[in-house]
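Right, one structure below, let's go through it.
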Amino acid sequence: MVLNIGPQHPSTHGVLRLKVKTDGEIVSEITPIIGYLHRCFEKHCENLSYEQVIPYTDRCDYIASMNNNFGYVVAVEELMGIEVPERVEYIRVIMAELNRIASHLLALGTYGLDIGAFTPFLYMFRDRERILDLFEMTCGARLLYNYMWVGGLSHDLPVGFVEAAYDFLDYFEPQVKEYNDLLTYNKIFIERTADIGVLPAEVAINYGVTGPNLRGSGVAWDLRKAEPYSVYDRFEFDIPVGKGLVGSVGDCWDRYWVRVQEMLESVKIIRQALQKMPSEGDVHAALPKKVRPPKGSIYKRTESPRGDLGYYIISSGKPVPFRIKMRSPAFTALCVLDEIARGWMISDVLAILGSLDIVLGEIDR
Amino acid sequence: MSQDIRTILKKAFPAAIVEQEAETEDYLEVRPGEWFEIATFLHDTPELKFDSLQCITGVDWGPEAHLEVRYNLHSMEHKHKLEIRIVLDRTAPEVPSVEKIWRVADWFEREVYDMYGIVFTGHRNLRRILLPDDWVGWPLRKDYETPETYHGIVVPKIKEEWE
Amino acid sequence: MFENLTSLEWLLWLILAGLLLFGLMAVNALAAVYAERKLSAFMQDRLGPMGQGAGFHAGKWGMLQTVADALKLILKEDIIPRAADRRLFIIAPYIIFIGAFIAIAALPFSEYIQVIDINLGIFYLLAVCSLGVVGLITAGWASDNKWSLYGALRSAAQIVSYEIPAALSIIVVVMLTSTLDLQGIIRSQEGVIWGILPNWIIFNNPFAFLAFFIYFISGVAETNRTPFDIPEAESELVAGFHTEYSGMRWAFFFLSEYANMFIVCGIATVAFLGGWQSPVPGFMDSGAWGLFWFFGKVLFLIFVMIWFRWTFPRLRVDQLMGVAWKVLLPLALLNIFGVGLWSLYIG
Amino acid sequence: MSRYFANIWETVTTLMIGLGVTLKHLWHIRRGYVTLQYPEEKWPRPERKIGFDHDDYNVIRSRLHVDIDDCIGCMKCERACPVGCIHITTVKVPKDVDLGTTSNDTKKRLLVTRFDIDMSECMYCNLCTYPCPESCIYMTGGPNSGKHPIDYEFSEFDRCNLIYRFANVSPEEVERITTSSAKPRTEGVAA
């Protein structure tokens, strides 16, 4: 039987259609059909100036807009050779890591929802709201920020942000224990996720899967450590990898667990960044008068919550980019779905899909 | 890109590497003919071991110029990277598919095909990926013209007048 | 019981009882939905339906929310998909509803209030409880929707499987009380056991204690509630067997779901928790208090079901069957054996 | 066999822990709820004073507003808009017509005959507010709440109502100003 999961379905995380060939409950083939959210991001970019692209990058991965901004501005800055003030770098790291927590909270919450647990979703949403409050305090927007600019930031931190951020971190850390009690170590949850959809490391690398999904397969690969950009080389943090605590390495539970651990690592980074951040400094100091990179091209990767977020920018020396290609981590993560979800049941397919943490806005662009 | 990779490749495939004026450029230009063999070599040779294909970018240099495909490779083990550029003829852009070597290329190549009409020979499932199957034209080419309608739906070229 | 009634009186009695039972089901559904919303909200740090301020809101604390919902469902357009099997599609909700309705007729609400007292009461209840599955399959099949079909097939397998441990754990009760009559079962639970505890079956011996939990878990599964809600698993099957239903027909499914909860909890109360008996013998034990205790116990069990739903994830379909056949069934069989030994040597 | 019972035991205990968590929340609902009862209560918007002398930057994201009297028609906002939701038309006026000055004492040289913002297309990126030399285009609320109340829920029944037209000169007036020469006007364009 051919079953159409989506484009309207409660757990496809957006507008995704999966053509699933089933034999009873067992799935024999999955064909993801994407493009329902295609908004011609790359075509748009060829008609916009470099600054105007930034709000569009927000809308690609709308769960982690800060990280998208970050990747883009880092790439353009490297192309132009801009040195960014230290304070800006630290603020960017704080924002990116806060957004990583927010993104992981949403990923974990909706993953619980896919498995059938409703309550953790709302707890995580509640805490995510607090992060969004911090963002709103900083730049006025709650979801699509347009906060990082080429060479700087749109605003400096507001008065009282540092205290509010510390407040949040102090509040947040104990909450993780609650999530663990409620969901992570829940036997039903473990039954549903352990040993399901095992993604071996070689397959993951061959399929270009990155980020928490790759780390869940036991590969300690994190661009923040491997190719430190911005000021990530100044922080101490660990790379959590999947160890197969309840099943085998690389199963859904490992991917989930890596995200839980990563939130705690992000908390560590934010604490260090808040301490080390220079308290004075003009965030507009390095803003170029006109963003006009010299001729050339660059491929720059940064670590977004979903994995390696790459921007391939070709500049022809004009204020409008010649070509911008976004290599989205969720694109490759969805690519591997057929490989790892074959032979499992319909319920498992949705569990695996949820554990890959895709954002359709980023896949379709 | 280290010079070693360049020399290794030049030794193995003397005909396929396009000579560049500046050897310091951090990319390698390759002729499309032997690309599949080169890719296999890059993937399998232990001292290169480019096990991860980061990105495939299609580029159109304008209606009078050529198309280009760029591959960003990376090695998880040796932590080195390489950019491969393949210049293609605009009228019949064909390049061997590397989808069998790096499975991730499956979707990347489909995307490039979708946007530029570059045919990846040997790809097992070369269909449009982001656009509908019956879309006409290659949208990211510089000479692309937006169609008036799609199945009777007006494709707005410019924003409709407000009044 | 009714031999001396003439046919007209019999008819009137039937109509009256039917209306009362229907009223009970409706009120139960309204109250349970309201409770479910409020409790889930509180568990999730929300407030749930609220009404305050100017204008016509859903009453104080959103009390009228479910009433408004019911009104909306009645007024909604009745949609029957063109591809559906019309006759079966229309009849399916009523089958489920009738299953719940005739079961609730046999429940002893107190010592004196019971619509019909059958001397095979508990057997009858178990039998009609599984009538609903026919309606589910009909609904799933008639909708001509793949999701509905999946839901229907899952629920058929699930409900039939969970009938067995449920029935086996009820056998424990029958063994201990040596009667199938509901009032008889309740009466035999009078008094005190172990010094302080009420003489309910659940406290009678460890096996009966376990039997209660087996029954309750099976009951949760039979009513298709989380963690066993795979027939209507929202994130997998959209809405399972009732995907295509809307308006009043859907409301019938809803009504029956909550009525089924009530019945399952009612059986558990009767069989294990002493029915209308007071927990402290002699205290608030007469007449109308029976009604209070019965409803109190049933509502507590319904609360536990709601509590389950908003805490647990969902099992997968094969794991669900695994729980029934690999865990609950062996335990239930062991229980019967254990209770037999217990009543031979100890009890 | 022991594995079997250990499994059951593990299930029961972890589920009980989970139940404990939800019960705790149920019990403490009075101090922990996060619901905002929307029409009666509104989002408490914190004071948005930006430090470091940047309070001329606007950090709120809501409806755009233009103080049309201050607008000099430089079109910078229109060019900055990535989606093109700002449409400005200006008319050159004869040299001797005085259009008045803005609140920054900049002399106005162009007559803004059309200043439309389509808020249904706006993506709230705030890019238009930065280049404005007169700070006359801004998002309402926040630091500008003195000028305007918070306005982030501007719902309309008709999409056309989301096109905000800020220019306030009528065609006749445009006609009059552009043709009338040698008649210096003392006041600015009608407020």
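Computed from the coordinates by the stated procedures, all read-outs in this text should not be read as laboratory data. What you see is a predicted model, and the numbers here were worked out from it, not measured in a lab. Methodologically, a virtual Cβ is constructed for each residue, glycine included, from the backbone with ideal geometry; neighbour enumeration extends over all protein chains shown.
Taking only complete DSSP H runs, can you tell me which helices of chain C stretch 18 Å or more along their own long axis by Cα positions and average at least -0.5 on the Kyte-Doolittle scale?
Details: long enough: C:7-43 (52 Å, 1.41); C:86-104 (29 Å, 1.94); C:146-177 (46 Å, 1.13); C:206-222 (24 Å, 1.69); C:247-272 (37 Å, 1.26); C:288-309 (32 Å, 1.70); C:329-345 (24 Å, 1.60).
Membrane-span-like by this rule: C:7-43, C:86-104, C:146-177, C:206-222, C:247-272, C:288-309, C:329-345.
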If one compares the long axis through the Cα atoms of helix A:252-276 with the longest principal axis of the Cα atoms of chain A, the angle in degrees, nearest 10, works out at 20
Residues whose modelled amide H sits under 5 Å from the amide H of residue D:35, counting only those 5 or more places away in sequence or on another chain, are C:47
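If each DSSP helix of 4+ residues adds -39,500 (n - 2.57) and the sum is divided by the residues in the protein assembly as shown, what number results at 222 nm, nearest 500 deg cm²/dmol? If you can, show how the numbers build up before the last one.
Details: 36 runs with 472 residues, N = 1066.
So the calculated ellipticity at 222 nm is -14000 deg cm²/dmol.
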Residue C:19 and residue C:337 label points (each 7 Å along its Cα→Cβ direction) are spaced in nm at 5.5
Between the Cα axis of helix A:119-139 and the main Cα principal axis of chain A, the angle (0 to 90°, nearest 10) is 10
For residue D:107, counting only lysines whose alpha-carbon sits under 18 Å away and dropping same-chain residues fewer than eight positions off, the answer is D:76, D:92, D:95, D:183
Sequence order, the range A:310-319: Karplus ³J(HN,Hα) from phi using 6.51 cos²θ - 1.76 cosθ + 1.60, θ = phi - 60°, Hz rounded, Gly and Pro as x, gives x, 10, 9, 10, 10, 10, 10, x, 9, x
If exposed means GluC sites (Glu not before Pro) lying in a DSSP loop and surrounded by at most 16 other beta carbons within 10 Å, then the longest stretch of chain C lacking such sites spans residues C:191-347
Note on chain C: contact order normalised by length, alpha-carbon pairs under 8 Å, 6 or more apart, percent, works out to 22
Once amide hydrogens are built 1.01 Å from N within the peptide plane, the residues lying 5 or more places from residue A:18 or on another chain with amide H under 5 Å from its amide H are A:5, A:6, A:33
Here the whole-number average of other chain Cβ atoms within 10 Å per Cβ of A:351-357 is 1
Quick calc: nm separation of the 7 Å Cα→Cβ label points for residue B:124 and residue D:157 -> 5.9
Under the Karplus relation with 6.51, -1.76 and 1.60 and θ = phi - 60°, whole-Hz ³J(HN,Hα) for the range A:205-215, x at Gly and Pro, equal 5, 5, 8, x, 6, 9, x, x, 5, 5, 5
Rounded to one decimal in nm, the spacing of the 7 Å Cα→Cβ label points at residue C:63 and residue C:304 is 2.9
Once the in-chain neighbours fewer than 8 apart are removed, the lysines whose Cα is under 29 Å from residue C:76 read C:38, C:60, C:146
As straight-line cross-link partners of residue D:24, the qualifying aspartates and glutamates (C-alpha separation under 19 Å, not fewer than 8 residues apart within one chain) are A:127, A:173, A:178, A:181, C:36, C:45
Among C:290, C:268, C:208, the residue whose Cα sits farthest towards the positive end of the charge dipole of the range C:199-347 (+1 at Cβ of Lys and Arg, -1 at Cβ of Asp and Glu, taken about the Cα centre) is C:208
Extend 7 Å from the Cα of residue C:346 along its Cα-to-C-beta direction; within the range C:197-229, residues with backbone N under 18 Å of that point are C:197-214
Non-local residues with an amide H under 5 Å from the amide H of residue D:90, with H modelled 1.01 Å from N and Pro and chain starts lacking one, are D:113
Computed from the beta carbon distance with a Förster radius of 35 Å, FRET efficiency for residue B:18 and residue B:136 to the nearest 0.05 stands at 0.60
Expected vector for the range D:77-94, Karplus 3J(HN,Hα) from phi with 6.51, -1.76, 1.60 and θ = phi - 60°, integer Hz, x for Gly and Pro, equals 5, 5, 6, 6, 6, x, 9, x, 9, 9, 10, 10, 10, 10, 10, 6, 10, x
Within the range A:238-317, DSSP-loop GluC sites (Glu not before Pro) with at most 13 other C-beta atoms within 10 Å are A:280
Among A:69, A:186, A:206, the residue with the largest mean-square fluctuation in a Gaussian network model of chain A built from Cα contacts under 10 Å is A:206
Charge dipole of the range A:42-331 built from unit charges on the beta carbon (Lys, Arg +1; Asp, Glu -1), centred at mean Cα; most positive-end Cα among A:144, A:111, A:269 is A:144
Between the Cα axis of helix A:86-115 and the main Cα principal axis of chain A, the angle (0 to 90°, nearest 10) is 20
For the range A:159-259 the trypsin sites (Lys or Arg not before Pro) that pass both the DSSP coil test and the at-most-15 other-Cβ-within-10 Å test are A:243
